[in-house]
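The structure appears right after this line, and notes come after that.
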Amino acid sequence: MAPKVTVKERKKPLESLKQADNGPLPAVLRDIGNGLLPLTPEVNKQTPAVGQRVTRPDSRPHVLGKTIYIDDMTFPNMLHTKILRSEYAHAKILSIDVSEAEKMPGVVATLTGKEIPVVTFGPSYQDQPLLAVDKVRHLGDGVVAVAAETEQQAQDALAKIKVKYEPLEVVLDPLEAMKDSAPKIHGDSNVYATKTIMKGDVEKALKEADHIFEGQFRTQMVEHVPIEPHAAIALWEPTGDLHVYSSLGRITLGRADIARTLDMPMNRIRVTATIVGGNFGGKNEITLEPILALLAKKSGRPVKGVFTREDEFISSTTRHPFVMDYTTGVTKDGIIVARKVRIVCDGGAYCSWSETTLGKGAILSVGPYNIDNIKVEASAVYTTKTTTGAMRGFGAPQVCFAYESHMDDIAKALGIDPLEIRLKNAFHEGSISPTGQVLHSVVVKESLHTAAEQFGWKEERKNKRRGRGIACMWYPIGFTVAANASAAVVKVNEDGTATVLTGTVETGQGSLTVLGQIAAEELGIAADDVKVVSADTDTTPMDTGAIASRTTYVTGNAIMLAARKAKMILFKTAAPMLGVKAEQLEARDRKIQVMNFPQKALSIGDVAHHAQFVNGEPALGSASFNPHTVAMDPATGQGKPFGTYVYATQIAEVEVDEETGVVDVLRIVAAHDCGTPINPTLVEGQVEGGISMGVGLALYEEMLFDANGKQLNPNLTNYIMPTSLDMPDVEVHIVDNFDPSGPFGAKGVGEPTSVPTAACIMNAIFDAVGVRITSLPATAEKVLKAIQERDKAQPKKIAS
Amino acid sequence: MRPFDYVAPNTVDEAVAILAENGPGARLLAGGTDYVVDLKHSSKAPKIVVDISRISEFSRIEMTDQGLRIGSGVTHTEIMDSALIAKHAPAMQEAALTIGAVQTRNLGTLGGNLVTCVPSLDSGPVLIALDAAVTIAGPQGKRTMTLADFFVGPRKTALEPAELLTDIVIPKAMLGRGCSFRKFGLRNGQALALVNVAASINLEKAKLSDVRIALGAVAPTVIRAIKAENLLNGKAPSDDLFTEAAEMAATEAKPINDFRASASYRLDLIRAGAKRVLAEALERAQA
């Protein structure tokens, strides 16, 4: 099948785009032309805002340093908080004495877990204390919080707190933690969540397969490392209401958790999110907020808390290490007939988002391939390590590394080209997923073709020392089965501009720009005509927040529907003014006009003004959206867990230094599906950012622990993230697609961008030097060791 | 951070007087890329911080009778931008480029890098390979010594109380020599060295002479690989000889084993790195 998208085809829309800008409605400012336009997919005739490279309204303040983050904010008499964390990775707390600390200069209040009305929280199980009460389960557990006049005074007071512990045995390896003999971290068993997915008869199919391949793959614990650490300020209004400013990415659920832990009615709590300086999944849960609220209550003063970088490493959530065993049966032609997967997920000290990560990981672990016989068994296990939780990809980068490494091992053994074996097995429109869901808007093959063509996969190699590796993936949009609604309000102002109210949070990805474009599109106005107001629980409607790559799809749909309701009021207003029926009207070019008779039109401002001031029926609409899902059968995993999925392929080109093991990733060609790219520039930004996280996962990043469960590298000196000098050239290609269930055909792109990167780099290393790295990260030392082992093994082969 | 007194003298004499007056409670601040981080995290405030960044003679780069003189306050960026250094000791620029990030190089100084005296300091190996000397000012006036003698141990230099490093001199005989530097870290940008290697080579009638190999981050201070140098001196260069010398150099290092890398990997890096810097230094000596 020929690729649906080529550069050639993309030239045509450029012309129409340029024309669109010359027309009556410049949807983007004219002076931003930057030579990037050729990638813009065809703009639907009725969509002057969607598909445009609209400039983010917040980019200028970001670059000028004018954006206000929590740590820039201050209130009169504000106190500062520091948290004393555990001395042991696993211990009973025998006693806590804060009396000496309270006498320290500048100290105004202290707080222990016993003083918190409901001390535990968590999205699946409420097993995590805000401050540990009788037991600590990892070194990041907070035990006492201190509020003082200055940060230094709060820090100095921590040294005066006396906590007596009875140390307990630690368990750091998830496979060890599964054993009966392992120390128990909560309750009777360390296994706290399991998922099973069954389809066909895997044992029978494995027996009948021509070849069986096995492989074990392991991934490491990594941190999100947002530039802005977790931060919050709590203050009590004179009315007795609580106001919390927070770097949370999900304020609707944040407020619910704050209300629950403080045992307060929700209407008395206002959560305002500022612009968040990076989330990546790490800011999906409350951390400091209820603690600050209680310290503010005790002291009668506003209280600020900002995590240090070390807090961020040892106390905030991280990515789950996975241990993955794959058994795959294939025919001699390379058709996969059966796949068995066992996943053990290192769940850290508390559940957090492990249950969800496990479910998503299990569903995705089979890969974007048509396999009739499947068995996946996955378990999440407590260990006395840093809590693992939500992180960009929710288990997908882990399983993609495994299934795509495994795929290349199979291809190599059967002598099939890695691209061909993927095309032979890949999903197509209407494929049935491992959970029995019929898949739509499936473009995994198109992404393979696009990436391969852009990379030059079939061309003769110019440089024999270079290796190349391919990896494809699938990824769902929205929560796994669970409701994840968004609501929105759209107001068309009396001059025809519009204001959108949304409860989602801008966490750096540009979502507010995209959401504004969706509203503009529906209302037939320019993106610059829309202002998006977000993230205040008192003024904006409920939203599940910036998680699960859902904002464009779910919040976008809600905004589109809300805008449509407002538009209907405009149509109703304009119909008698134009002497036609409302159904004959359309909104385009800042006008309400009669379909096919654009000369018969009123300006949207005049109509909105008329609606408000003459008819007394202002043009506003509210709506909500929740993706349609069907619960999964607990025994077989069969169901429809997600509304839709996206697909992507990345191809890496690497050079490996055989004397030092250093891997130089030269180039990554990425072909991503996101449905309609509402704003191609932001899609490209997501892909580039996702790839940088993927490079870190592949080659550098790993949180290391000593035998007592203490982190060895909780700082940016020794936790190695890729810098700009470590990044490859990234070429982004957006695969043409349209999903009818998304707003203007859009799906999402945030998380999937980081999913296939590590996998394609590992396959490129394999191609370059013939060593298979089965545990991430592929540090230079690890790669060199594998090369040295390869060299030791090779002479033997020649001898036999 | 805790409150502290701050003073910014304009001359070396003033700085020395302040240091002498305040004793060990006085701390020097130049670029601050190292010290400000310490200051933020240390449990005790210094009595006084003496900011020496305004002492103008510290920022000079000039050719003198002794050789190329570089003030201790010259920043890494200034090293990278200096035409004099580019002409006479370009390997110093290669080393400067590996230090921190652009911002670190804009603020951080050569003197600051040397006085930290951490085993992994990136400025050291090239300067040792070029037999650099240092000048020190103190209450008794100025004194000079070789950089090799200046490095006493991890975070310990030959500086006595109330003394400060004023400049670094690369002797005339060493200028324009074939010299090369490699740093191996855990990534390309802003890396701590696992291994630093520098070599400088003199050619006499197509034979190697006065070869200097300096290894960083693999011993308590920057060291010379004397046995490897002896192996090379007086011989005609060849790839095999360099491989043999690199093997020898690895036997002279005592790298640590930690979570960043094993000792045996650091030795692998010395073997790879020494061979490469020797080959490149030779190429430059021949050019």
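Each value in this text was obtained by applying a stated rule to the coordinates, not by laboratory testing. This structure is a prediction, so every number in the text was calculated from the model and none was measured. We place every Cβ from the backbone using ideal geometry, glycine too, and count neighbours over all the protein chains shown.
Observations on the structure shown:
- Exceedance of the 29 Å cut-off in Cα-Cα distance is limited, within the set A:Lys66/B:Lys40; A:Lys162/A:Lys710; A:Lys424/A:Lys785, to A:Lys424/A:Lys785.
- Amide H contacts of A:Arg270: A:Leu242, A:His243, A:Val244, each under 5 Å away and 5 or more positions distant or on a separate chain (H built 1.01 Å from N in the peptide plane; Pro and chain starts excluded).
- Full-extension gain in nm, A:Ser622 to A:Asn267, via 0.36 nm per residue minus C-alpha separation: 125.8 nm
- Note: relative contact order over segment A:371-504, using C-alpha pairs below 8 Å and six or more positions apart, is 16 percent.
- Computed from backbone phi with θ = phi - 60° and the Karplus coefficients 6.51, -1.76 and 1.60, the 3J(HN,Hα) list for segment A:246-258 is 8, 8, 4, x, 9, 6, 4, 6, x, 4, 4, 5, 5 Hz; x is used for glycine and proline.
- Extension gain, B:Ile256-B:Ser59: 0.36 nm per intervening residue step, less the Cα-Cα distance, totals 67.4 nm.
- Chain A - percent relative contact order, Cα under 8 Å, separation 6 or more: 15 percent
- Summarising the strand pairing of chain A, around 75 percent of its internal DSSP beta bridges are antiparallel.
- Computed over segment A:589-644, the convex hull of the alpha-carbon atoms projects to a mean area of 7.0 nm².
- Taking 0.36 nm per residue of separation and subtracting the current Cα-Cα distance, fully stretching the chain between A:Ser775 and A:Val118 would add 232.5 nm.
- 11 Å beta-carbon shell around A:Val505, net charge (K/R +1, D/E -1): -1
- Three-way shape label, segment B:5-51, alpha-carbon gyration tensor, a/c 1.5: oblate
- Summed side-chain charge close to B:Ala45 - residues other than B:Ala45 whose Cβ falls under 14 Å, Lys, Arg +1, Asp, Glu -1: +2
- In percent, rounded to a whole number, the relative contact order of segment B:5-51 is 60, using alpha-carbon pairs under 8 Å and six or more apart.
- Most fluctuating residue given options B:Ile48, B:Ile168, B:Ile128, as computed from a GNM of chain B linking Cα atoms under 10 Å: B:Ile48
- The calculated 222 nm mean residue ellipticity attributable to helices in chain A amounts to -8500 deg cm²/dmol, summing -39500 (n - 2.57) over DSSP H runs of n ≥ 4 and dividing by all residues.
- Cα gyration tensor, chain A - rounded (a/c under 1.5), prolate or oblate: oblate
- Residue mean of other protein chain beta carbons inside 10 Å, A:704-714: 1
- Label-point gap, in nm, between B:Ser42 and A:Leu716 - each point 7 angstrom along Cα→Cβ: 2.3 nm
- By the rule of a C-alpha distance below 20 Å, with chain neighbours fewer than 8 residues away ignored, the lysines paired with A:Lys204 are A:Lys332, A:Lys340, A:Lys375.
- Straight-distance candidates among the lysines for linking to B:Lys205, with alpha-carbon spacing under 19 Å and chain neighbours fewer than 8 residues away dropped: B:Lys235.
- Angle between chain B longest axis and helix B:12-22 axis [Cα atoms, degrees, rounded to 10]: 70 degrees
- If you plug the beta carbon distance of A:His186 and A:Asp97 into 1/(1 + (r/R0)^6) with R0 = 25 Å, you get a FRET efficiency near 0.40.
- Among the trypsin sites (Lys or Arg not before Pro) in segment A:458-559, those located in a DSSP loop and surrounded by at most 15 other Cβ atoms within 10 Å of their own Cβ are A:Lys458, A:Arg461, A:Lys462, A:Lys464, A:Arg465.
- Centre-to-centre separation between the Cα atoms of segment A:186-222 and those of segment B:142-210: 55 Å.
- Prolate/oblate/rounded label for segment A:415-504 (Cα gyration tensor, a/c 1.5): prolate
- Reducing segment A:562-585 and segment A:366-395 to their Cα centroids gives an inter-centroid distance of 49 Å.
- Per residue, chain B reaches -10500 deg cm²/dmol at 222 nm when only DSSP H runs of four or more residues are counted, each adding -39500 (n - 2.57).
- Counting only other chain Cβ atoms within 10 Å of each residue's Cβ, the peptide B:178-189 averages 4.
- The equivalent ellipsoid that matches the C-alpha gyration tensor of segment B:178-286 spans semi-axes of 24, 14, 11 angstrom, in descending order.
- Cross-link pairs exceeding 26 Å between alpha carbons, from the set A:Lys385/B:Lys156; A:Lys283/A:Lys565; A:Lys360/A:Lys385: A:Lys385/B:Lys156; A:Lys283/A:Lys565.
- Segment A:231-260 and segment B:1-26: distance between their alpha carbon centers, rounded to Å: 47 Å
- Where only C-alpha atoms are counted, convex hull volume of chain B per residue in Å³: 123 Å³
- Net charge, A:Tyr125 excluded, C-beta distance under 14 Å - Lys, Arg +1, Asp, Glu -1: -2
- Degrees, to the nearest 10: B:239-252 long Cα axis against longest axis of chain B: 40 degrees
- Label-point separation in nm, B:Asp240 to A:Asp538, each point 7 Å along Cα→Cβ: 8.4 nm
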